[in-house]
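Here is the structure we will look at.
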Amino acid sequence: MNIKVLDTTLRDGEQTPGVSLTPSEKLRIANKLDEIGVDFIEAGSAITSEGERDSIKEITKQNYNSEILSFSRPLIGDIDYCLECDVDAVNLVVPTSDLHIKAKLKTSHDKLLDLSNDAVDYCKDHGLIVELSAEDASRSDLDFLKKVYNNAVDHNVDRICVCDTVGILTPDSAYELFNELSYIDVPISCHCHNDFGLAVANTLSAIKGGASEIHTTINGIGERAGNTSFEECVVSIDRLFPQFSTDIQINEIYDISKLVARLTGVYIQPNKAIVGENAFAHESGIHSDGIIKNSATYEPMTPELVGRKRKFIIGKHMGTHGLNNRLKELGLEVNDSQLHQICDNIKVLADKGKTVTDVDLQVIADNVLEINHEDRIKLDEVTIVSGNKVMPTASVKITIDDEQILNAGVGLGPVDAAINAIKSLDVFKDIDLIEYHVDSITGGTDAFIDVIIKLQKADKVVSARGTESDIINASVKAYIAGVNRLLAD
Ligand code: MN
């Protein structure tokens with residue numbers, strides 16, 4: 001059975017604390033959602049603001065294949081704003097639990113039914129497709145919930161949705177609830193929240209119980225612990241449930257995940273399924289050896305399936321097979337004794353409790369192979385003005401391919417100012433700082449500072465370290481080492 005996907009990254013996802021997207025950012029995400037085959041895009045909530053309406057209008061102008069919806073309460077005023085935005089459909093959200101009806105709306109069951117029926121009629125009279133979402137459905141009285149849905153079907157609603165608003169369903173109760181509602185003869189959709197980390201599992205159970213549509217957000221962003229993660233749910237359907245399918249182009253999943261992470265500023269945990277940085281990374285020697293012989297030994301799917309590449313991580317668990325592979329990726333051919341020498345040197349560093357970065361590996365390999373590696377970029381000078389009354393300002397003097405360049409930058413703090421002064425130069429554009437981590441090696445204020453960063457250029461990620469008694473020097477050193485590594489290939 002084909003499962004439809006409604007993505008609500010632009011509505012529920014944008015309700016993530018601290019996230020706010022501009023109309024052009026929303027448009028970029030919507031373009032990608034349409035491109036990868038999302039059936040329905042919830043573009044926002046038209047009642048919210050003028051700016052929100054502008055961004056919904058921008059999206060409805062695009063003639064996407066995807067159906068475009070706006071969130072709406074069952075109120076004429078809300079629906080009129082949706083009509084003004086020229087959406088195809090509304091996600092009409094009607095609270096159905098006693099808690100919401102009595103505590104929030106201070107109304108009665110009968111009045112709520114009237115409100116819901118009138119809103120559906122008004123939408124249908126104005127040519128809108130209507131998906132009626134019962135808010136807090138999972139904590140609603142089942143008979144009343146059915147009454148709301150039955151009424152909506154009598155009033156020609158197009159689809160209905162069960163919202164697990166506070167994420168309290170379990171895979172068993174989700175299956176039972178959807179099974180109980182499967183007599184309804186319009187498509188049933190499932191909107192789950194991840195308060196107990198069960199959103200994806202519950203959504204998959206809902207499908208088995210009879211749901212034919214799922215609500216998701218990219219990277220699972222959303223209020224509190226977020227919503228059902230698009231990538232986890234869609235790839236699970238594809239790989240683990242042969243009786244179901246979606247029309248999503250799975251090999252584009254990593255791209256859209258990165259786009260949303262970058263535009264929202266909500267970064268992805270490294271161990272997140274499918275899209276986390278470690279999802280296809282291997283360090284252990286036994287695993288790496290197995291993977292190289294046959295990738296199915298330690299991977300349930302190939303990274304290419306979701307638009308990614310496999311990575312072998314350098315560390316003390318790494319065997320010579322994985323290491324040799326990593327060196328080949330760096331363009332280095334080594335013989336057996338050189339390979340063992342590099343492996344031993346890595347273990348010495350790792351045994352001191354250090355993370356072995358890509359730049360460390362390069363340096364170790366260069367030393368063993370006696371290669372003189374010319375860095376394209378050298379730091380000559382960095383000067384900082386900082387204090388509690390001035391905006392932190394940095395000036396830097398660096399040499400790029402033998403040409404000395406001076407530049408300045410400001411930032412929220414001195415490290416930020418120094419990095420800004422460097423990265424505003426042309427040669428650094430397209431390079432993103434995706435991780436920044438500081439450790440002090442000894443205890444006091446005179447401690448050595450160990451800065452480890454990760455930089456990304458297109459789909460290439462490198463890690464680098466700077467160790468200095470000064471946090472700014474350590475940060476700049478790590479940054480430049482990483483950039484040299486990225487520019488070396
Ligand atoms: Mn929600």
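The values are calculated or read from the model by the stated rules, or taken from the named source; none is laboratory data. The structure displayed is predicted, hence computed values, not measured ones. Positions of Cβ are generated from backbone atoms using ideal geometry, with glycine treated the same way; all protein chains shown enter the neighbour counts. Side chains are part of the model used for accessible areas, which takes the heavy atoms of the whole protein and leaves out ligands, DNA and RNA. Shrake-Rupley method; radii C 1.70, N 1.55, O 1.52, S 1.80 Å.
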Meets criteria (surrounded by fewer than 21 Cβ atoms within 10 Å (Cβ to Cβ) and under 27 Å from S257 (Cβ atoms)) for L425: no
Criterion violated by C343 - all others in (1) open to solvent by 20 Å² or more (accessible area, probe 1.4 Å); (2) touching a helix residue (DSSP H, G or I) at 6+ places or on another chain (Cβ under 9 Å) satisfied: (1)
Residue selected from the range 56-71 under the condition surrounded by fewer than 23 Cβ atoms within 10 Å (Cβ to Cβ) and of a type in the set (S, T, N, Q), by the criterion modelled with the lowest pLDDT: N63
Subset of the range 254-268 (residues that are more than 17 Å from K460 (Cα to Cα) and either part of a helix (DSSP H, G or I) or touching a Gly at 6+ places or on another chain (Cβ under 6 Å) (or both)): V260, L263, T264
Spans of strands (runs of 3 or more DSSP E) in the range 360-459 with at least 1 residues at pLDDT below 85: 431-440, 449-457
Matching strands (runs of 3 or more DSSP E) fully within the range 157-247 where at least 1 residues are farther than 29 Å from G127 by Cα: none
For I286: the one exception among (1) among the β-branched types (V, I, T); (2) in a helix (DSSP H, G or I); (3) modelled with pLDDT of 95 or more; (4) away from the ligand (no atom under 16 Å from the Cβ): (3)
Single unsatisfied condition, L128 versus (1) open to solvent by 10 Å² or more (accessible area, probe 1.4 Å); (2) away from the ligand (no atom under 16 Å from the Cβ): (1)
Within the range 131-145, tally of residues that are under 20 Å from V5 (Cα atoms), open to solvent by less than 10 Å² (accessible area, probe 1.4 Å) and touching a His at 6+ places or on another chain (Cβ under 7 Å): 1
So V93, is it under 17 Å from T165 (Cα atoms) and among the β-branched types (V, I, T): yes
